[in-house]
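Structure first, commentary second.
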Amino acid sequence: MSTTSAPDREAARRPLGVLAALPQELGDLLGAMRAESGVRTVTHGQRDYYVGTVQGTPCVVTLARVGKVAAAATVSALIHVFDVEAVVFAGVAGGVGKDVRIGDIVIADTLMQHDLDASPLFPRFEVPLLGISRFTADSTLSAQLNAACERFVAEEGSALATRFATLGPRVHRGLIVSGDQFVASAAAVQALRDALPDALAVEMEGAAIAQVCFEYGVPCAIVRTISDTADAHAPASFATFLVEIAGAYSTGILTRFFHARA
Ligand code: ADE
């Protein structure tokens, strides 16, 4: 028989770090945390970190803001200040794969920085002195996210498609590429396809998070909903998707993810 109470055991567990770039990409996660356990806010490095539980899982939730440096700094604080046991990132991305449509979901198996190029000193895309260009997401966490996404799509996909006039969402797994650019032209997205033919989605944080997590031995997983197809329509499509749709996806996916871990 355990001699510790459930709250004591929760407090003893290392928290899960959950982050997004922008508030809409967190969905209702903070609301759920407030309702369940209350939220303690810790400010560090000009960011607020929200500490509490979600469906019994101790969590530290925060916003990285946009870009690789912002993401690396934030995940570094999650690791060093909050001692997170693992990291999950949720947000939107531009579709790059030919078969990846707006409203689809992509879970990263691997991530790389598409704008990292120290050639001819090092091979294009390779992180100098680390000798790695592709970082691997944690297979267990990614499988849990994948199951949550499949359940979300099965239960809410057709209603979402009707509500937002999108096609029925599908779940993809594969390469997500990250860079410090919002990709918004047919030429730029074609250049990405030419350079990295297996890339499914492009965003601005994931590979930086994966690199920092790799360097500190912290498991991480990244899930992205496709808000645009990284072409000339991307700015308008991104803005509408972020405000009107992204939250419903993040809430639907993360609720099922935490439910399965509870
Ligand atoms: N995030 C969402 N859409 C994006 C795009 N087109 N480029 C970079 N990051 C994105």
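The values are calculated or read from the model by the stated rules, or taken from the named source; none is laboratory data. Everything quoted here is computed from the prediction, not taken from an experiment. Methodologically, a virtual Cβ is constructed for each residue, glycine included, from the backbone with ideal geometry; neighbour enumeration extends over all protein chains shown. Each accessible area value is taken on the protein alone, full model and side chains, heavy atoms only, with ligands, DNA and RNA left out. Shrake-Rupley method; radii C 1.70, N 1.55, O 1.52, S 1.80 Å.
Against the numbered list (1) open to solvent by 50 Å² or more (accessible area, probe 1.4 Å); (2) at negative phi, Ala165 comes up short only at (2). Between Pro58, Pro128, the distinction of being open to solvent by 40 Å² or more (accessible area, probe 1.4 Å), farther than 15 Å from Cys220 by Cβ and out of contact with any His (no Cβ under 7 Å at 6 or more places or on another chain) belongs to Pro128 only. Taking region 26-47, which residues are exposed (fewer than 13 other Cβ atoms within 10 Å of the Cβ) and among the charged types (D, E, K, R)? Result: Arg40, single match.
With respect to Ser178, is the statement that it is free of Cβ contacts under 8 Å to residues at least 60 places away in the same chain and among the small types (Gly, Ala, Ser) true? No: the conditions fail for Ser178. As for region 136-148, it holds no residue that is within 16 Å of the ligand (Cβ to nearest atom), crowded, with 17+ Cβ neighbours inside 10 Å and not basic (Lys, Arg). Condition check for Asp109 on (1) within 26 Å of Ser237 (Cα to Cα); (2) open to solvent by 50 Å² or more (accessible area, probe 1.4 Å); (3) charged (D, E, K, R); (4) not in a strand (DSSP E or B): one failure, at (4).
Every residue, every condition in (1) over 15 Å from Gly17 (Cβ atoms); (2) surrounded by fewer than 18 Cβ atoms within 10 Å (Cβ to Cβ); (3) in contact with an Asp or Glu (Cβ under 6 Å, 6 or more places away or on another chain), yes or no:
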| site | (1), (2), (3) |
| --- | --- |
| Val189 | yes, no, yes |
| Arg193 | yes, yes, no |
| Met204 | yes, no, no |
| Ile209 | no, no, no |
| Ile226 | yes, no, yes |
| His233 | yes, yes, no |
| Phe238 | yes, no, yes |
| Phe241 | yes, no, no |
| Ile245 | yes, no, no |
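Does Val84 qualify as being assigned to a strand (DSSP E or B) and open to solvent by less than 10 Å² (accessible area, probe 1.4 Å)? So Val84 fails the test. Kindly indicate whether any position in region 18-25 is part of a helix (DSSP H, G or I), within 16 Å of the ligand (Cβ to nearest atom), touching a residue at least 60 places away in the same chain (Cβ under 8 Å) and open to solvent by 30 Å² or more (accessible area, probe 1.4 Å). Checked region 18-25: at least one residue is part of a helix (DSSP H, G or I), within 16 Å of the ligand (Cβ to nearest atom), touching a residue at least 60 places away in the same chain (Cβ under 8 Å) and open to solvent by 30 Å² or more (accessible area, probe 1.4 Å).
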